1. Scan the range 473-546 for GluC sites (Glu not before Pro) in coil per DSSP, keeping those whose Cβ has at most 10 other Cβ atoms within 10 Å, and list them by number.
2. For T167 and R322, what does the FRET efficiency come to when R0 = 45 Å and r is the distance between their Cβ atoms, rounded to the nearest 0.05?
3. Name the residue farthest towards the positive end of the dipole of the range 596-670 from the options P625, L637, A654, assuming +1 on Cβ of Lys and Arg, -1 on Cβ of Asp and Glu, about the Cα centre.
4. Residue by residue, what Karplus-based ³J(HN,Hα) values in Hz, rounded to whole numbers, does the range 584-594 have, using 6.51, -1.76 and 1.60 with θ = phi - 60° and x for Gly and Pro?
5. With a probe of 1.4 Å, find how much accessible area the range 75-129 has per residue, and write the answer as a whole number in Å².
6. How much area per residue is accessible in the range 625-700 when the probe is 1.4 Å and only protein heavy atoms are counted (Å²)?
7. For the range 506-625, what's the radius of gyration and Dmax over Cα atoms, in angstrom?
8. Taking only protein heavy atoms and a 1.4 Å probe, what accessible area per residue, in Å², does the range 551-604 have with all protein chains in place?
Amino acid sequence: MTGETTKRQFSIGFQTSIITVFVGVVLLVGLTLVYLSFARVTSITRTAASSFIEKVAQLGADHVDEQFKNVRDNLEILAGLQAIQKPDIADNARLYGLMAAMLRNNKQLFNLYAGYEDGSFIEMDVIDRARPAFRAGLKVDRDAAFRLVVISRTAGAAPVTQYLSETLIPIAEVPGPTDYDPRQRPWYVEAFRNDKTLLTGPYVFYATGEPGYTLRTPLTEGRRGVVAGDVLLNRFEEMLGEQRLGQSGQAFLFNNAERIVGHPEMSRLMAELPGNQDELPKISTLKLPALVPIIRSWREGGPAQQFFDDEAGRTYIAAVHRLDTAGSADIRLAIVAPLDEFYARILRERRTLFALALAFVGATLPFAFWLGSRMAEPLRKLVEETDAIQRFDIAERPRIHSAIAEIEELGRSVFTMRSVVSSFASFIPRPIVRQLIETGASPHLGGSRREVTVLFTDVAGFTAKTERADPSQVMVYTSRYFAVLSDEIMRHRGTIDKYIGDAVMALWNAPADDPDHVVNACRAVLACLAANEVLNTEFRHEGWPPYETRYGLHVGDAVVGNVGSSDRMNYTALGATVNLASRLEGLNKNYGTRVLVSAAVRAPAGHAFLFRSVDSITPKGFAEPIEVSELRGELALASEAEIAMCQRWDEVFAAIAQDGAAESTLVRLSGFLHDYPRDSVAQFHARRFRNAAQETSAEA
């Protein structure tokens, strides 16, 4: 018995052994696949982050280059003027006006100036673009907008400094400077020494105490000299802030001395500098110690995108890019972002995927590999599809199919969801749809009071033009018309509220905030006018009557939100502001105009657009009269004759408003009509005077 017992060996059943081996193999393969998937996701994340941040750096560098190129173009225009090339810089109002216009159109420029080989010099500064201490040091009236320095050696006059208003009206004048010689300044000397580079600097400007660059170009014709302009780097703060990735990302400009020359918080960095305020802050002040070695490595030929960890172990990605316009100034753009913010969702899903994969392998070992390989591809596509819908990317894509019934059904649901969102966006303003998708909130009735710019349009004589036409043709041509206007409105950050027959109602500054909503609305109207003319040319060639559109524009407070019932809502604006915009559109018929705006629109947009006064009305619901003006076009593009006509009419209108039908007013009105006999606004006021005179005669 004992012998038999000792002969027995440990044994296991065939089925059990096969299961044990199979389970061991599945566990080994499954866990290996889970580990490889984890590593692969990490690799993909880093690859995607590196590629994306390179694109962001390229776009950011292009944006900065564009700023410098705009200034360069203006300098070349200024250098090509005969007034600059010839010795007539003194008492040259036209030259001063052009320099002021260039400064207004280039917000990053602090000044423009030119120096000549005989020591002559002209400079125009925008006073308030420097720090407040600069204006305080000048001790000049607050109405002074520009500082003009003229040193004319050819005219024999003493150097003089003038302070001018926004409209270039002299406010104050002081002598000097007497000891300034532009020929000894670095920007003048370097322009002839190396005319291939655009920039001089960076350095802290003596006059303002702020860091910046000088952009200069030598004169190629006329007098020998240099035209230049100073760029204050604080003008780049907002632009660099827009390039930031995530909550903790940074975008900044630096030079070969490893000094920061542009940063979203440059003012703070400069204020924190200890000791010498003439220095620029070092890159080390950003408290990312590994960043400096990465920049040095890149400068020596290393990769432009690199990963590094901070002292707390947080992983960052950095990208460095050259600026084409920098030349020998060697300015570079750097963008830094934490990887966990850059791809936070992917990293969270990576950890979740790892935990779920382990549980799945343990619970479904027999077919984990087979089922996982079949499910992975369609599921990945479904995730991309739902992410695209969440980003409001609803372009047409093929439906996702799978052999597994549940995934097939999910693919059908996602396909249907994209179609529903696309259809929903055709009836509801896209900003509203995007807001609902991003926040996950449900639409609800109600609104809030906010300032909005409201536009109403209407086609003149639409019923008469289309009442006998084929209804299907009316729909086709009117839809083309709506598409053209809608594209221009949305391109200028407007929201289409609704279509009312042949009319369009649009909003600015709702639902998304737009600090420049009045200017954007005016530009949209002018763009609509131009696009409408192109479309009308096509209509005429196709034998369809043109659509002549009238516009009414007003800005004010309105109640903006969802109105209707719980199952049918409409996002719109309500209130007297909306009513007045509609009223202004209708008034075009009385004055023979195309675009009428209120004084509330003209006030903030008058610096950019050409307006003229039309009338003063008191609409229902308004206690005070409303000044009505006609929008004629962009001021920078208007001809001198057009500007002169509007200024002359405004003088006539002021006389009408002040003196009524006085004999002197009638004489001025008659004189205006003599020079502009087709002007519909002047004809309207002339008819009003004639009717008033006839009524007075009848009563007498």
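1. Here the GluC sites (Glu not before Pro) that fit, given the DSSP loop and packing criteria, are E542.
2. So, using R0 = 45 Å, E works out to roughly 0.60.
3. Going by the charge dipole, the pick is P625.
4. 5, 4, x, 5, 4, 4, 5, 9, x, 9, 10
5. Here the residues of the range 75-129 average 37 Å² of exposed surface.
6. Heavy-atom accessible area per residue stands at 62 Å².
7. Taking only Cα atoms of the range 506-625, I get Rg and Dmax of 16.4, 48 Å.
8. 40 Å²
The values are calculated or read from the model by the stated rules, or taken from the named source; none is laboratory data. Quick caveat, the model's predicted, so the values are computed rather than measured. Neighbour counts are summed over all protein chains in view; Cβ atoms, including those assigned to glycine, are modelled from backbone coordinates with ideal geometry. In case anyone asks, the SASA skips ligands and DNA or RNA and just uses the protein heavy atoms, side chains included. Shrake-Rupley method; radii C 1.70, N 1.55, O 1.52, S 1.80 Å.
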